[in-house]
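These notes are about the structure you will find just below.
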Amino acid sequence: MCGIAGLIHKGKSANVGFEMTAMLQALKHRGPDSTGYAVYGEPVEGDYVMRLKVAEAEDMERGRGIHQVIADRITEVETILEEHGAKIKTKEAPREYSLRYVLTHSGDTGEMASHIEETEGVEILSMGNGLELIKDLGDASVVAEAYGLNDFNGTHGIGHTRMATESDVDIKSAHPYWAFPYNDVSVVHNGQITNYWIMRREMERKGHRFMSNCDSELLAVYTAHNLANGVSLEDSLRQSIQEIDGVFTYLVATKDQLGMAKDTMAAKPLVLYESDDLIAMASEEVAIRAILPQEIDTTDPYDEEVRVWQA
Amino acid sequence: MASVSDAELKNMTQEERVTALGMRTEQLTGKSLYVEFDPDAEERFTYPWAPDVDFNKRTEIDTDDMTNTEVNQAIRAKMAEGYGTIVLQNPRGKHSLGVGILSKLNLIIEGSTGYFGVGLIDGPNVRITGRVGWSCGENMMSGTVLVEKNAGSTFGAAMRGGDLVCRGSVGSRTGIDQKGGTIIVGGDVGALTGFMMQRGRMIICGNAGKNLGDSMYDGTIFVGGETKSYGVDAVEAELTDLDKAWLTRKLTQYGMMPDKGVDHFTKVVAGKMLWNYDNLEPNEKKLIL
């Protein structure tokens, strides 16, 4: 049982960081292990935001040596960035093991991302012109505080509170997943995928990388694969309902879109609120009410339902 | 029940009642706190320990800063004071509101509730002006629940009696495992509605999703609109005059009568092809063999 939430403002920016925090905090009881955000700011062409982790949160308790290891890994990452001709505009470290770079780059970011991940212990959480993907252990208020999310302005976002069932409580198994190496695409999921290994091997044969054993990562890889082959987001979501087995409700966000898909059994919940300027959805109504206290009309999407909204 | 009188039960705590009713001393063969009322009886329509409430005494509870447990405790406290009409304000999607009320009460919820709203009730009349989440009216025994907007999945799961009404549309698996009572939906229902239904009736004024009435044992489903597909062993039956009269009465009662009347409803029942029962329970069979 996990909690998922998403919202999209039509044609305007708002404090989505604060709104997502309120929604995810309301869903804390569905999963207190970790909290993740994928929020989208104003995209800047040519500027890439790269979020990465160079160690797991639990590594930090393994003695003094880890600090030197982290410093070495960061140096290695920055060397690779330089080799690829990427210029570091800004660099921040909200946590010692979690970094945020703004890069100017004109080449192939996919190849650069692959090279960076060759460094041991380094995982790129996200890359894109507008996407900021933040995930860490703890509830929404803890993560939002540590990463300064409460005053993040943007158009849309998705988020996740995780109750770890099939894999570990760590950052690499936390949601959202970035659709590596596809810029600006992220996925959150609530459910279980039962043909995970078959689908994973198929994706691995096609050359995709998996960083964790979490079944939700498959949805990110699957979406990335489809989008890279020119399939639209809506078609990818529709196709997934037929090709992926299990019970699931998942949300996908791109630079300017937000999509949802529900499995053939409608076994996992989602409540949807739609108005002219805001669309909000969450596993439980209580999350939507956290940002919209006034009387509103909400609905449950049905089985095999797919929706895509434009920012 | 015979060894303990109603007056004694009334003065006991819930803990003492459980012991007095034999739930801790004997094998639990069908025992529960549920009391079967005799249809011919002229008095004793309530549980002996039910609070004496007056519908004309009305109070409001602002639930905004309360947890769902605090709200449910507040409802009980107000009932003990004799309030018969209780209004819950600002529920904002809280879960499990108004569960387990086993006496008459006029409960009005001004807004929307989360999961398991007014489940396990036996007697109250509930009106919810907003939307309800999953499993509203789960296992309800009697009373009426009227939802003005939409409802989530598993609406009226395992319900045994009373009327559960939603003016809007509801999610999947509506009336799963229904064992009695009536579910009325003004709009559409999702997939697997009436799954494993055992008794009772369901009226769907709109369309039904796939696998309607899958593996139903018994009971009746009336559908006003289109059905995507029927489940295993769900078959259409003839809509009799008695059915039409009953539909007219029920739909008129809740002001949900469609403009074109009730003649267009399709009646769905169990084909009983999956029926394959022993007359004996497994432990009884062991005794005989």
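No lab work stands behind these numbers, since they all come straight from the coordinates. These numbers were taken from a predicted model, which means no experiment stands behind them. Cβ sites come from the backbone with ideal geometry, for glycine too, and all protein chains shown count toward neighbours.
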Between the range A:36-102 and the range B:37-53, what is the C-alpha centre distance in whole Å? 69
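To check you understand DSSP bridge types, tell me what percent of the beta bridges within the protein assembly as shown (both residues inside) are antiparallel, rounded to 5. Each step should come with its number before you reach the end.
Working: 77 of 120 bridges.
Once the DSSP bridges in the protein assembly as shown are tallied, antiparallel ones form about 65 percent.
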So what is the 222 nm mean residue ellipticity for the protein assembly as shown from helices alone, if each DSSP H run of at least 4 adds -39500 (n - 2.57) and you divide by all residues, rounding to the nearest 500 deg cm²/dmol? -6500 deg cm²/dmol
Relative exposure of A:263, A:245, B:6, judged by other C-beta atoms within 10 Å (fewest first): B:6, A:245, A:263
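What average number of partner chain Cβ atoms lie no more than 10 Å from the Cβ of the residues making up A:280-286?
Numbers: counts 0, 0, 1, 1, 8, 15, 11.
Mean inter-chain Cβ contacts per residue within 10 Å come to 5.
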When you look at the Cβ of every residue in A:259-271, what mean number of other chain Cβ atoms sits within 10 Å? 3
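Could you please rank B:257, B:196, A:20, placing first whichever residue has the fewest other Cβ atoms within 10 Å of its Cβ? Numbers along the way, then the final one.
Numbers: B:257 16, B:196 19, A:20 31.
Ranked by crowding around the Cβ, least crowded first: B:257, B:196, A:20.
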If A:156, A:29 are placed from fewest to most neighbouring beta carbons inside 10 Å, the sequence is A:29, A:156
Viscosity 1.002 mPa s, temperature 20 °C: Stokes-Einstein D of the range B:164-258 from its Kirkwood Cα radius, in µm² per second? 167
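Not counting the cut sites, what is the longest span of chain A without trypsin sites (Lys or Arg not before Pro) that DSSP labels loop and that have at most 15 other Cβ atoms within 10 Å? Could the numbers behind the result be given before it?
Details: sites that count: A:10, A:12, A:62, A:64, A:206, A:209.
Between the exposed loop sites, the longest stretch runs A:65-205.
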Listed residues B:187, B:143, B:22; largest mean-square fluctuation, Gaussian network over chain B with Cα springs below 10 Å, found at B:22
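Looking at chain A from every direction and averaging, what is the projected area of its Cα convex hull in nm²? Mind dumping the intermediate values first?
Working: hull surface 58.5 nm².
Average projection, Cα convex hull of chain A: 14.6 nm².
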Per-residue mean of other chain beta-carbon atoms within 10 angstrom of the beta-carbon, peptide A:297-310? 5
Along its principal axes, what span do the Cα atoms of the range B:78-146 show, with the longest given first and each in whole Å? 28, 25, 17
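Rounding to the nearest 20 debye, state how big the charge dipole of the protein assembly as shown is about its Cα centre with +1 on each Lys and Arg Cβ and -1 on each Asp and Glu Cβ. List each step's numbers first, then the result.
Details: 59 positive and 90 negative charges, 202 e Å.
For this selection, approximately 960 debye.
Classify the range A:234-291 from the C-alpha gyration tensor, please: rounded if a/c falls under 1.5, else prolate or oblate depending on whether a/b exceeds b/c.
Values: a/c = 2.81, a/b = 1.40, b/c = 2.01.
Oblate.
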